[in-house]
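Below: the structure, in C-alpha cells.
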Amino acid sequence: MFQPLSLFLGLRYTRARHGQRFTRFIQRVSLVGLVLGVAALIIVGSVMNGFEAELKNRILQVVPQLKITEQSRQQRGFADWQELISALPSTVGQRAVVPEVSSAGLLQGDQQLQAVSVQGVFPAAQDSAIQLQPLQQHLSAGAIDLTAGSYHVVLGYALAQQLGVWPGAKVRLIAAGGGIYTPLGLVPAQRLVTVAGVVRMQSEADQHLVIMHGADLARLLRLAQDQVTGVRYYFNDPFQALPAAEQLAAELDDRFRVQSWRESYGHLFDAVSMEKRMINLLLGLIIAVAAFNIVSSLMMVVQDKRSDIAILTTMGLAPHKVRRMIVMQGMTTGVIGCSMGLLLGILGSSYINPFISALGVDLSFAGPQGLPVVIDYGQVSATVIAALLLTFLATLFPAWRASRVLPAHALRYE
C-alpha cells in the first residue's frame, strides 16, 4: 500500500528495535507519561464535575436560585404577585416561577438557639412540585407535611441533629420580621412549631434550612392576606440564573430587587472552580513532562541517525520532508499515548467506584452511590487535543535540527 515517504520513514524509526537503548527507554517513558497524564486528567476532571453537579443538586435545588423582592424596606412584600409573575419576561432555561415567603430567624431547641433561614412554600401553587421534589428525594425522617394552619416545619439534617429534635418534637421559631413595639420594647414574632420531617441534602444547606407553609410564615410575619415577600425562579441549570439575573435587573424598574444564588453561595462554587483549575494545571504538568521527554528522545534519535539522515538528503530527500519525518515519529508516540490514555480515562471514570471499593477504601463520606462521576466529553476532547498539540510542539525543534544536518559533516568519517 502506498505511503508518503516521510510517514513511512517516521513509522519505521518508531518501530525500529536497534539503536541506543537509552533512547528507546526515553521514548517509552514519554509514552507512559502521556498515557498517565491524559487518563488522570479525564478521571479527576470527571470526579470534580460530579462533585460540582452534586453541589448544584443538593444546595441550589433547595435554596433560591433567583428571587425578586421589594427594594424598599418599608414594603416587606406585595400582594399582586400573580400579576407580577404573569408580567415577568421569560428567561433562558426557566422551569418555574413560584411565590415564596422567606425570613431569617432563630430556632430554639431545649438547650440552644440556632440561626436559620426560613422558607415558606405554597404546595397548592402552580409548579410547586418542582419546589418540593428535592425535599421528597432527600427525605431522611418523617414526612413533607406542609398543611396551612398546622405550623409544621421541615428541617435540615445537621440542624435537627444539632438541636436534638426529630419528627414530632416542638421547637420555638423566632422570625426576624413581624416584630411589634410595646412599652417594653420590640417583641419579635415567635411561635411553637412542630417538626414534621428531616431532609438530608449532605451540604451546608442542612445547617440552616427550615421549610414551612408560606401562609403560616406570612401569618407569623404579620403580612397581609395573600401577601408574599417575593417570587422565586427555578432553572434547568442553576448556573442559568446568573445571566437571567442580569436580564431581569435591566428590564425591571427600581421597585424590585433581583438576587441570585451567587450572593450567598458564590464563594463556594468559586472555590470549587479554582480547585478544578489548579488540579488540571498540576496534572497537565505530567503531560508537559512527557512532551519534554519526547523532545529529548527525538533529539537522541536525530543524533543517532545523523548518518542515515545525511544519506537520505544526498539521495534527494528535501529538508521539509526530513522535518515531516521527525514530526511523524513524535506524533506517532503522541497518538498512541493519547489513545491509550483516553481509553484508560473513560474506563477508569466509569468503574472508579468498584475499583476503589475493591481496594478497601471507605466511600461512605460520598454517600451510598460512592464518588459522583460526570464524564464531560467536550472536556475529554479538549484534554486529548491539548495533549496532541503539546506533542506536536515538542517535535518542532528536533525536526528543525534534523533538517539542518549537513551531509558533508555527518559523513566525514564514514
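The values are calculated or read from the model by the stated rules, or taken from the named source; none is laboratory data. Since this is a predicted model, take the numbers as computed values, not measurements. Note that we place each Cβ from the backbone using ideal geometry, even for glycine, and neighbour counts take in every protein chain shown. For the accessible areas, the whole protein counts, side chains as well, though only heavy atoms, and no ligand, DNA or RNA atoms are used. Shrake-Rupley method; radii C 1.70, N 1.55, O 1.52, S 1.80 Å.
Structure data summary
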{"quantity": "In the stretch 44-74, the residues that are of a type in the set (Val, Ile, Thr) and either open to solvent by less than 40 Å² (accessible area, probe 1.4 Å) or modelled with pLDDT under 85 (or both)", "calculated": "47, 59, 62, 63, 68, 69"}
{"quantity": "Test: residue in the stretch 352-375 that is over 30 Å from residue 137 (Cα atoms), surrounded by fewer than 16 Cβ atoms within 10 Å (Cβ to Cβ) and modelled with pLDDT under 80", "calculated": "yes"}
{"quantity": "Pairs where the first residue, in the stretch 278-302, is of a type outside the set (A, V, I, L, M) and the second is open to solvent by 30 Å² or more (accessible area, probe 1.4 Å), C-beta under 6 Å, 6+ apart", "calculated": "293/29; 297/27"}
{"quantity": "Which listed residue is within 19 Å of residue 153 (Cα to Cα), in a helix (DSSP H, G or I) and either touching a Phe, Trp or Tyr at 6+ places or on another chain (Cβ under 6 Å) or not small (Gly, Ala, Ser) (or both), from 217, 242, 281, 248", "calculated": "217"}
{"quantity": "Any hit, the stretch 80-95, residues being out of contact with any helix residue (DSSP H, G or I) (no Cβ under 6 Å at 6 or more places or on another chain), under 15 Å from residue 241 (Cβ atoms), free of Cβ contacts under 8 Å to residues at least 24 places away in the same chain and surrounded by fewer than 20 Cβ atoms within 10 Å (Cβ to Cβ)", "calculated": "yes"}
{"quantity": "Positions within the stretch 298-350 being at pLDDT 80 or above and open to solvent by 60 Å² or more (accessible area, probe 1.4 Å), in sequence order", "calculated": "328, 335, 336, 339, 340, 342, 343, 344, 347, 350"}
{"quantity": "Count - residues of the stretch 200-242 that are under 29 Å from residue 56 (Cβ atoms), among the acidic types (Asp, Glu) and open to solvent by 20 Å² or more (accessible area, probe 1.4 Å)", "calculated": "2"}
{"quantity": "Residue tally, condition open to solvent by less than 60 Å² (accessible area, probe 1.4 Å) and either touching a helix residue (DSSP H, G or I) at 6+ places or on another chain (Cβ under 8 Å) or farther than 20 Å from residue 201 by Cα (or both), over the stretch 160-175", "calculated": "6"}
{"quantity": "Identity of the residue in the stretch 1-31, exposed (fewer than 15 other Cβ atoms within 10 Å of the Cβ) and closer than 30 Å to residue 282 by Cα, that ends up modelled with the highest pLDDT", "calculated": "28"}
{"quantity": "Residues of the stretch 126-143 that turn out to be in contact (Cβ under 8 Å) with a residue 60 or more places away in the chain and hydrophobic (A, V, I, L, M, F, W, C), as a count", "calculated": "3"}
